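The values are calculated or read from the model by the stated rules, or taken from the named source; none is laboratory data. No experiment lies behind these values; they were computed from the predicted model shown. Neighbour counts are summed over all protein chains in view; Cβ atoms, including those assigned to glycine, are modelled from backbone coordinates with ideal geometry. Heads up: the accessible areas ignore ligands, DNA and RNA and are worked out on the full protein's heavy atoms, side chains in. Shrake-Rupley method; radii C 1.70, N 1.55, O 1.52, S 1.80 Å.
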Amino acid sequence: DQPILHARWDDDGGEIVTPGHVNLGIATATAEGLLVPVIRKAEALVLPDLAAAIAAVTATARSGRATPADLTGGTISITNIGVFGVDGGTPILVPGQAAILAVGAIAPRPWVVAGELVVRQVVTLSLSFDHRLVDGEQAGRALASVGAALGDPVPALLGR
């Protein structure tokens, strides 16, 4: 929905370049440190295929078999800091990429739904971005879009 989030700055031409595809980097903890293998043309995958691709590239990276080609060409990345019990943070951009989304821990928290306090599974999302490419409004809209996609389906199911 937000093509600017997977753009890059072309130092030679001094311009913003928006690739035709989303090459999604997946931050992966390995014995050698953090690697970011890339899923090419991720926008073309349905959710089950994307999940399988994430499992495959992270397994390759953790096994030490990732090639330089597996680790380059990303246009935007995701990091899951929630696996460490962390709610939020400031992820560091992969050089050449416009943005990185950090997903915090998913945990039960008090939440207001239709004026009532209820317990819901809640996650904190953090987005770091290159200000040469993305401004705060664009980043905010992107986070709102992700939040809506992950939104609480219960009100809709209850007709609220």
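Can you tell me how many residues within the range 67-112 are of a type in the set (Gly, Ala, Ser), surrounded by 13 or more Cβ atoms within 10 Å (Cβ to Cβ) and part of a loop (DSSP other than H, G, I, E, B)? Matching residues across the range 67-112 total 8.
Looking only at the range 44-60, decide whether some residue is open to solvent by less than 50 Å² (accessible area, probe 1.4 Å) and either of a type in the set (Lys, Arg) or within 19 Å of Leu127 (Cα to Cα) (or both). No, because not a single residue in the range 44-60 is open to solvent by less than 50 Å² (accessible area, probe 1.4 Å) and either of a type in the set (Lys, Arg) or within 19 Å of Leu127 (Cα to Cα) (or both).
Considering (1) farther than 26 Å from Asp135 by Cβ; (2) in contact with a strand residue (DSSP E or B) (Cβ under 7 Å, 6 or more places away or on another chain); (3) basic (Lys, Arg), the lone condition that Arg8 does not fulfil carries the number (1). With the structure loaded, tell me whether Gly85 is at pLDDT below 90 and either small (Gly, Ala, Ser) or out of contact with any helix residue (DSSP H, G or I) (no Cβ under 8 Å at 6 or more places or on another chain) (or both) or whether it fails that test. No; evaluated as a whole, the condition is false for this residue. Of all the listed residues (Gly147, Gly64), the sole one being of a type outside the set (Val, Ile, Thr) and part of a loop (DSSP other than H, G, I, E, B) is Gly64.
If I filter the range 120-133 down to residues being in contact with a Phe, Trp or Tyr (Cβ under 7 Å, 6 or more places away or on another chain) and free of Cβ contacts under 8 Å to residues at least 60 places away in the same chain, which single residue comes out as surrounded by the fewest Cβ atoms within 10 Å (Cβ to Cβ)? Within the range 120-133, the match that is surrounded by the fewest Cβ atoms within 10 Å (Cβ to Cβ) is Arg120.
Would it be correct to say that Ala102 is out of contact with any Lys or Arg (no Cβ under 9 Å at 6 or more places or on another chain) and modelled with pLDDT under 90? So Ala102 fails the test. Among residues that are open to solvent by 60 Å² or more (accessible area, probe 1.4 Å), farther than 20 Å from Ser128 by Cβ and over 15 Å from the mean Cα position of the chain (by Cα), Glu15 is included.
Those strands (runs of 3 or more DSSP E) of the range 6-61 in which at least 2 residues are in contact (Cβ under 8 Å) with a residue 60 or more places away in the chain, considering only elements entirely within it, cover 8-10.
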